[in-house]
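Nothing in this text is a laboratory measurement; each read-out follows from the coordinates by a stated rule. This is a predicted model, so every value here is computed, not measured. Note that each Cβ is placed from the backbone with ideal geometry, even for glycine, and that neighbours are counted across all protein chains shown.
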Amino acid sequence: MSRTPFKMPTPRPVTAEAEAWVGNTAPAAPPPVPQPAKAVRSQSEKPARLTIDLPPDLHAQFKATCALKKTGMVEVVREFIEDWTQKNR
């Protein structure tokens, strides 16, 4: 097997224009942290799993809406179930 020579690239010098451009950028604000779902169970309880079937279009719309609102799909479903059970006791 023959060896192919490899030459390491030499770094380019940093220009004053590049330094000014980097120096003028404001640090990006971190994205807001979503609020955790309400604590429904104690730490020792194992959560029950719920599986539902949705039409692909409805699932995509739900997922996109949750992403736009920066909230998790699980949080929305848990909140809905909590509200619904409170209203329908």
> Label TRP84 and ALA20 with points 7 Å out from Cα along Cα→Cβ: what is the distance between them in nm?
Replying inline: 6.0 nm
> On full extension of the chain, what length is gained from SER2 through GLU75, given 0.36 nm per residue of separation minus the C-alpha to C-alpha distance?
Replying inline: 20.4 nm
> Which lysines, on any chain, are close to LYS87 with Cα under 29 Å apart, when same-chain ones fewer than 8 places away are left out?
Replying inline: LYS38, LYS46, LYS63, LYS69, LYS70
>> At a 10 Å Cβ-Cβ cut-off, how would you order THR4, THR85, fewest neighbours first?
In response: THR4, THR85
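Sort 52-61, 71-80 by the packing proxy (mean of other Cβ within 10 Å over each peptide's residues), most packed first.
Ranking, from highest mean packing down: 71-80, 52-61.
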